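Colleague: Here it is, the structure in full.
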Amino acid sequence: MFSKRTLRSALGGSGVALLAAAAAVVSLTIPSAQAAGTPLRDLAAAKGVYMGTALMQNELTGTSGSIAAAQFDSVTPGNEMKWESVEPTRGTYNWGPADQIVAFAQAHDMQVRGHNLVWHSQLPNWLTSGSFSNGDLHAIMIKHVTDEVTHFKGEVVHWDVVNEPFNEDGTFRSDLWYNQLGSSYIADALTAAHAADPGAKLYINDYNIEGQNAKSNAMYNLVKSLKAQGVPIDGVGFQAHFILGQVPSDFKANLQRFADLGVDVAVTELDVRMQLPSDATKLQQQAADYTTVMNDCLGVSRCKGVTVWGFTDATSWVPSTFPGQGAATPYDENYQPKPAYTAIQTALGGTTTTPPTTPPTTPPTTPPTTPPGGSGCAVTYGVNQWNTGFTANITVRNGGSAAVDGWTLKWTQSSGTQTVTQAWNATVTRSGTGYTATNLSYNAAIPAGGSTSFGFNADWSGANPAPAGFTLNGAACSVS
Ligand code: 9MR
């Protein structure tokens, strides 16, 4: 039987293309909460990277589940694989919550990033207050690593084996592991994980190592020494919990120096927090920060992917840890995409339809053969709006008795300023208050009684009223 990991690699590039095609079809019918344009996971796959999100057990259904599945192709359990969740009593495992996340990932063809095996935090009481001898503690650690990696063998692609081993000054963190076992606990945990699942990619993960500084230098020296000793270390995870406007300018160079050691790198817990309330200026800066991070990863061939630490402000860890701060993720608290979402999409190569400054001189590739053909048309106009932008989804139904072959939908938006930034399933241009949407070659035909859907993203200011009327090939349509 194929494991998911085997299946994905067996599918290879054509499999990714097939899945992308399937996702593109599905995107015509996804609920309005979904962001417009090509999903991030498909864009990422086309670039050879993954796009991940942290997800907690209570986020697998409803809006959060559907957005996660549509947009991301890697999942990191937010808490459910941590020691206190998995082994709350010594030797008794509680796999249920993590298993649910893995099942969700498999059902939606997503990779799983295992997080984490050995960390100073979220340890069960029996472990922290057990006063174990050094020998017993070592055996406990090896058994836990072995049992957990074995349980998820073939299901977890990347493991954060050791999490946050360093202090800011580059010394080893004074925790249970280092204090009793010395720094060799890191090599021993990696070796045990490798023995349990030789196919998993094993990482050390930390924060504040994104720029070149004392802490990242320490991580660099550790990885270099582990490689020299032949310890199974495959990668370094850069958590990337950033403050607005403070992505280190040498992040890419730093990723590259680790890659040059012969390990993979990944951005594992990206968010960009700001002082609340957010405003348009802060959200634009945040989008710029997300763009920087995406480009830094994409600029390093060994950077395997980017994971956001939660995709929505509704469940982000930030406000409870940093009172007064938040809005750190690409979706707002109402699960609407923010400029940071568009920034990720654009960095991953998402197409943008910019209105031409002069009207196009070339005729449409498929001239209408049944003009006007708009008789009996009906338009549904749905809009998701935030303070500076909106997503419009438009469905045109041909209520006439003849097929439409080639279509142009026109409308006006009478007040305010809207600028189309991106369109899908149609070419959308704006001139003054007038909008024109024309078919692409594949959706030129609308059969009698049939419909077609397209959409666009736009910025707005002033006011953004819904259009009062539409024409299809010059004939007025009803609007609902
Ligand atoms: O997102 C996690 C949050 O729900 C937990 O309360 C918190 C407890 O420490 O851990 C959060 O995740 C952390 C991750 O495991 C390691 N890097 C820092 C993350 C944010 O605190």
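The values are calculated or read from the model by the stated rules, or taken from the named source; none is laboratory data. This one's a predicted model, so the numbers in the text were calculated from it and none came from an experiment. Heads up, the Cβs are rebuilt from the backbone with ideal geometry, glycines too, and the neighbour counts pull from every protein chain shown. For accessibility, only protein heavy atoms count, side chains too; no ligands or nucleic acids. Shrake-Rupley method; radii C 1.70, N 1.55, O 1.52, S 1.80 Å.
Colleague: Return the loop-located trypsin sites (Lys or Arg not before Pro) in the range 64-126 (DSSP other than H, G, I, E, B) with at most 13 other Cβ atoms within 10 Å of their own Cβ; answer none if there are none.
Modeller: Passing both the DSSP loop test and the Cβ count: Arg90.
Colleague: Express as a percent, rounded to the nearest 5, the fraction of DSSP beta bridges in the range 113-245 (both residues included) that run antiparallel.
Modeller: 5 percent
Colleague: Follow-up. Which of the lysines could a cross-linker bridge to Lys338, judged by Cα under 27 Å and excluding same-chain residues fewer than eight apart?
Modeller: Result set, ordered by chain and number: Lys47, Lys252, Lys282, Lys304.
Colleague: If DNA, RNA and ligands are ignored and the probe is 1.4 Å, what is the ranking of Ser85, Ser131, Ser183 by accessible area, most exposed first?
Modeller: Reading off the accessible areas and sorting them downward yields Ser131, Ser183, Ser85.
Colleague: Around Trp309, what is the net charge, scoring Lys/Arg as +1 and Asp/Glu as -1 over all other residues with Cβ under 10 Å from its Cβ? Mind showing how you got there, number by number?
Modeller: Values: positive: none; negative: Glu269, Asp271.
The answer is -2.
Colleague: Among the lysines, select those whose C-alpha is under 26 Å from the C-alpha of Lys143, and discard any that sit fewer than 8 residues away in the same chain.
Modeller: Leaving aside lysines fewer than 8 places away in the same chain, those within reach of Lys143 are Lys4, Lys82, Lys153, Lys201, Lys227.
Colleague: If you don't mind, another one. With every protein chain present, what accessible area does Glu168 have (1.4 Å probe, heavy atoms only), rounded to the nearest 10 Å²?
Modeller: Approximately 100 Å² of Glu168 is accessible to the 1.4 Å probe.
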